[in-house]
1. I need a count of the residues in region A:40-58 that are under 19 Å from A:D129 (Cβ atoms) and either open to solvent by 50 Å² or more (accessible area, probe 1.4 Å) or not hydroxyl-bearing (S, T, Y) (or both).
2. May I ask you to verify whether B:F55 is surrounded by 22 or more Cβ atoms within 10 Å (Cβ to Cβ), of a type outside the set (K, R), outside any loop (DSSP other than H, G, I, E, B) and modelled with pLDDT of 70 or more?
3. Among the residues of region A:125-172, which ones are over 19 Å from A:C113 (Cα atoms), of a type in the set (G, A, S) and at pLDDT 80 or above?
4. If you check every pair at least six apart or on different chains, which have Cβ atoms under 8 Å apart with a residue in region B:29-48 that is surrounded by fewer than 19 Cβ atoms within 10 Å (Cβ to Cβ) first and a residue that is among the acidic types (D, E) and assigned to a helix (DSSP H, G or I) second?
5. Would you point out the residue of region A:479-505, among those that are free of Cβ contacts under 8 Å to residues at least 60 places away in the same chain and touching a Phe, Trp or Tyr at 6+ places or on another chain (Cβ under 8 Å), that is most open to solvent (accessible area, probe 1.4 Å)?
6. Conditions: (1) closer than 13 Å to A:H557 by Cα; (2) modelled with pLDDT under 90; (3) among the hydrophobic types (A, V, I, L, M, F, W, C). A:A534 meets all but one. Number of the miss?
Amino acid sequence: MNFLQQAPRFLFFTGKGGVGKTSVACASAVHLADSGSKVLLVSTDPASNVGQVFGLDIGNRIAAVPAVSGLSALEIDPQAAAQAYRDRIVGPVKGLLPDNVVKGIEEQLSGACTTEIAAFDQFTGLLTDAELVAGYDHIVFDTAPTGHTIRLLQLPGAWSGFLEAGKGDASCLGPLAGLDKQRAQYKAAVDALADSTRTRLILVARAQQSTLREVARTHRELAEIGLRNQYLLINAILPAEQVADDPLAMAIHQREQTALANMPDVLAALPRDTVMLRPFNMVGLAALRHLLTGDGAGLAPAAQPCRPDAHPGLAELVEEIAQAGHGLIMLMGKGGVGKTTLAAAIAVDLARRGLPVHLTTSDPAAHLQETLAGALEQLTVSRIDPAEATERYRQQVLATKGARLDAQGRALLEEDLRSPCTEEIAVFQAFSRIIREAGRQFVVMDTAPTGHTLLLLDATGAYHREVARQMQPGIHYLTPMMQLQDSRQTKVLIATVAETTPVLEAANLQQDLRRAGIEPWAWIINNSISAAHATSPLLRQRASNELVEIAAVAKRHAPRYAVVPLLQDEPVGIARLQQLVGSDH
Amino acid sequence: MSSIQIFDPSLCCSSGVCGVDVDQQLVDVAAEIAWAQQSGAAIERFNLAQQPLAFAENPVVKAFLERSGAEGLPLVLVDGEIALTGRYPNRNELARWAALDTATDKPEAACCSGSRCC
């Protein structure tokens, strides 16, 4: 493996949930320790199975791993770090201020940014405190901070206000006044990240077009702020010899090879490693030792799945949706789970029943609009370009608020406007104009704001609502959040794939929505191999791994659900979208 | 000199970037406060999301929150007494409380205060 050659002190693995970061990070740490180094493995995976892998309870303190000489491990729970931070700010006023006021403050501190920066706060000690990590040759992290977090910490303006003087300032860092380390320490941490003799970043991806596009973005963003020592690791590739007589495996193989051949140039230029899909479960030390090297011969293959249970398909969900005659259907979930395709499939199926449907998408590829526009009488398709909407919003803010700021203040505001919340808000503003149509027809959307954003938007809207009420007594005022909370008007569908981390992320999303008083209507498990007809042992292995996740969704998480099979061909065009729904009219 | 304290509602960031729209009120009041401070007024601002203890420890503010809730904010205290609620002060109000002379300080701006004028 190239990425383990002359490994520097710090190794960071980054990539979206479900690509196998934690497995690869664990395997790398074991490999380095086996080669005689002293290694500390740091996991921030919310679904961390590091302890399980090594058969011990790790938790938030450094623990030696007895089974591997030279290896220690530490688990950081970012959610717990964020909670501890919230408690520090809110704790002292609980019981002193009215409950709903305290709840409002907590919501302000419940965004993704808070979690992210709180986790980074925990990292800094490991990157800078020589004493804490003195004995280790390598420190392996199974996640990396985002460009947004690092840039914020690099900006001198971020420090001039709240963090140093304790005064409020216009920044996403503002709510993080409780960060308990000194500026010098954060600076040292950021410097360590940007030092290529000390830090290597390994971008972990699957061989999928959309994933590779996303990874290219991460690469550019982190390279710009100095993390130039980057390697690419393509995980879980289907080996050619497996495809011979399984048409589905063949189709996946070809799709993967096409994605690799067409990967963005910036990625193609990086040193690259590939890890094949393994015929065994990534559990236990023996399996980890075989992930990066060797073939796993002698490891027992996982049990072949018995015939999977029959699960409801998309057709059943659409049938129930159609009965209402109109309404707002929102697909929610992490990027890459197929929200756009699912939204299109639902819209097409509704339209084919003769119901008027407006499908609106933020799909950057825009192929939906091209393939579907005008194809069905009842179907209209529109598209919102997230980049364009965000840029317009950004420019508008800078022109108004930014006009009177000095250079430092303006730089800080610009960075705030690069936060993930900004894009979400900008896109949602664009969508909320279309939402109103849902009283007359179906509106199907492939994106939606998180519960956190909705709560913030609603809180800000409270003042305007009050004004409207006073000006015209009796007028009915409906905020987007009120509409989303009303289950007769809105159905929220959570999309995921049947793998551990994505299911956990979806469950967190559901939790977040419930905080905003929104109850998801159903879950959709997309790209399921167990719902397809795979014959190759590798795919059947993956199918059997899916079953436990599907059972968890069906029994624990979802009020109703559907399992959608992975198709041989990309579901593009009316006919294949119909195939995805699985209805037979 | 009177002391002016402004208690803001909880904002993710005081720029309002996280809000549904950048609030022009916030932009304007920031400029007015900067003007008044430069002219010598003693003004403090507190953000509910960031300094909740400042709200809880002030009996007047605490009682206000109990009565009107966070929706009633902003709240302005002058020498500890409620001077304004539900909206931000304009330049004339700030000047009156701080006993500043708007006319002599900035003669050309006397007819129209701040950015909303004319």
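1. Within region A:40-58, the first condition is being under 19 Å from A:D129 (Cβ atoms), and the residues that meet it are A:40-44.
Right, trim to either open to solvent by 50 Å² or more (accessible area, probe 1.4 Å) or not hydroxyl-bearing (S, T, Y) (or both) and you get A:40-42.
Number satisfying all stated conditions: 3.
2. Values: surrounded by 22 or more Cβ atoms within 10 Å (Cβ to Cβ): yes; of a type outside the set (K, R): yes; outside any loop (DSSP other than H, G, I, E, B): yes; modelled with pLDDT of 70 or more: yes.
Answer is yes for this residue.
3. Of everything in region A:125-172, those that are over 19 Å from A:C113 (Cα atoms), of a type in the set (G, A, S) and at pLDDT 80 or above turn out to be A:G125, A:A134, A:G135.
4. Listed pairs, sorted by first residue: B:S39/B:D105.
5. Here the answer is A:S487.
6. Going through the list (1) closer than 13 Å to A:H557 by Cα; (2) modelled with pLDDT under 90; (3) among the hydrophobic types (A, V, I, L, M, F, W, C), A:A534 breaks only (1).
Here's the yes/no breakdown for (1) farther than 30 Å from A:A426 by Cα; (2) within 22 Å of the chain's Cα centre (by Cα):
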site: A:M482; (1), (2): no, no
site: A:P520; (1), (2): no, yes
site: A:T535; (1), (2): yes, no
site: A:R540; (1), (2): yes, no
site: A:E546; (1), (2): yes, yes
site: A:A554; (1), (2): yes, yes
site: A:P565; (1), (2): yes, yes
site: A:V581; (1), (2): yes, no
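Rundown of residues vs (1) in contact with a helix residue (DSSP H, G or I) (Cβ under 7 Å, 6 or more places away or on another chain); (2) not polar (S, T, N, Q), yes/no style:
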{"position": "B:N47", "(1), (2)": "no, no"}
{"position": "B:E57", "(1), (2)": "no, yes"}
{"position": "B:A63", "(1), (2)": "no, yes"}
{"position": "B:G69", "(1), (2)": "yes, yes"}
{"position": "B:V76", "(1), (2)": "no, yes"}
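The values are calculated or read from the model by the stated rules, or taken from the named source; none is laboratory data. Note that the coordinates shown come from a computational prediction; the quantities given were computed from them, not determined experimentally. As a convention, Cβ positions derive from the backbone with ideal geometry for all residues, glycine included, and neighbour counts pool all protein chains shown. SASA here: full protein model, heavy atoms, side chains in, ligands and nucleic acids out. Shrake-Rupley method; radii C 1.70, N 1.55, O 1.52, S 1.80 Å.
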